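The values are calculated or read from the model by the stated rules, or taken from the named source; none is laboratory data. Keep in mind it's a predicted model, so treat the numbers as computed, not measured. Glycine gets a Cβ as well: all are built from the backbone with ideal geometry, and neighbour counts include every protein chain shown. To get the accessible areas, we keep the full protein, side chains included, count just its heavy atoms, and leave off ligands, DNA and RNA. Shrake-Rupley method; radii C 1.70, N 1.55, O 1.52, S 1.80 Å.
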Amino acid sequence: MSHQHKEMEVPVLAADHIQLRPISEKDIAALFNLFSSEKVTRFMDIERFINVSEAAQLVAFFREKLLTGEGMRWGIYQEDNDTLIGTCGLHHINKTHYKAEIGYDLLPSFWGKGIMTASLNRLLQYAFEELTLNRIEAVVDPANKLSILLLQRLGFQQEGLLRQAFFQKGQFVDTYMYSLLSSDYRYDLHY
């Protein structure tokens, strides 16, 4: 194994009434619950989970991406609870260009409570300050209105429509590209 990069660790990040923590085998049942939801996977490039082994594979996938330095994923937990209710993280981490893509998901029963806004605010702070990234990208389905509102609330700017950028669930789909730059990020909002 090369020692060019210090092996990344997923730190615990605390925010308003929530904690972002590393994902492990103990979260497999909760991850299955999350990704077996039609509402959760509707706009994702994965089919809804129908077997708990898929959740176990996901934990292994997150770990592999961490080892290669390409991705970091956190579980979202309520302050006093050990059950994962969503995940968020960075993928396609590119150290050469100081950028990454953001991804996130949450159980529908927790939608609309500000949980994801708080989680992503904390994640963005970590990405810009600790990882010293300059650009965070988000690709979002034009039909995913809730996700678009979330990104706008966080200060992301829409850069354009990428036509038929992905082939998922048997068809070509368009995606919006959103981005947030370190210089856009309002540090004063987060202390």
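The order of ILE50, ILE148 by accessible area, most exposed first and with a 1.4 Å probe, is ILE50, ILE148.
Per residue, the accessible area of the stretch 1-155 comes to 53 Å² when a 1.4 Å probe rolls over the protein heavy atoms. Couplings 3J(HN,Hα) for the stretch 95-112, derived from phi with the Karplus relation 6.51 cos²θ - 1.76 cosθ + 1.60 (θ = phi - 60°), are 6, 4, 9, 6, 9, 7, 10, 9, x, 6, 7, 8, 4, x, 5, 9, 5, x Hz, where x marks Gly and Pro. The sum of -39500 (n - 2.57) across all DSSP H runs of n ≥ 4, divided by the residue count of the chain, sets its helix-only mean residue ellipticity at 222 nm to -8500 deg cm²/dmol. Have a look at LEU34, LEU106, LEU161 and tell me which one the Gaussian network model of the chain (Cα, springs below 10 Å) gives the largest fluctuation. Sorting by GNM fluctuation, first place goes to LEU161. Neighbours of THR96 by Cβ distance under 14 Å: Lys/Arg scored +1, Asp/Glu scored -1, total +2. Charging the Cβ of each Asp and Glu at -1 and of each Lys and Arg at +1, and nothing else, the dipole of the chain about its Cα centre rounds to 300 debye.
Working from label points 7 Å from Cα in the Cα-to-Cβ sense, the LYS145 to ASP80 distance is 3.6 nm. Ignoring aspartates and glutamates fewer than eight residues from LYS113 along the same chain, the ones with Cα atoms less than 12 angstrom from its Cα are ASP16.
Each Cα pair under 8 Å and six or more residues apart adds its sequence gap; the mean of these over the residue count of the chain is a relative contact order of 17 percent.
Ordering GLY160, ALA55, GLN125 by Cα displacement along the dipole of the chain toward the positive end leaves GLY160 in first place; charges were set at the Cβ atoms of Lys, Arg (+1) and Asp, Glu (-1). Ligands, DNA and RNA left out, the accessible area of the chain computed with a 1.4 Å probe is 51% carbon and sulfur.
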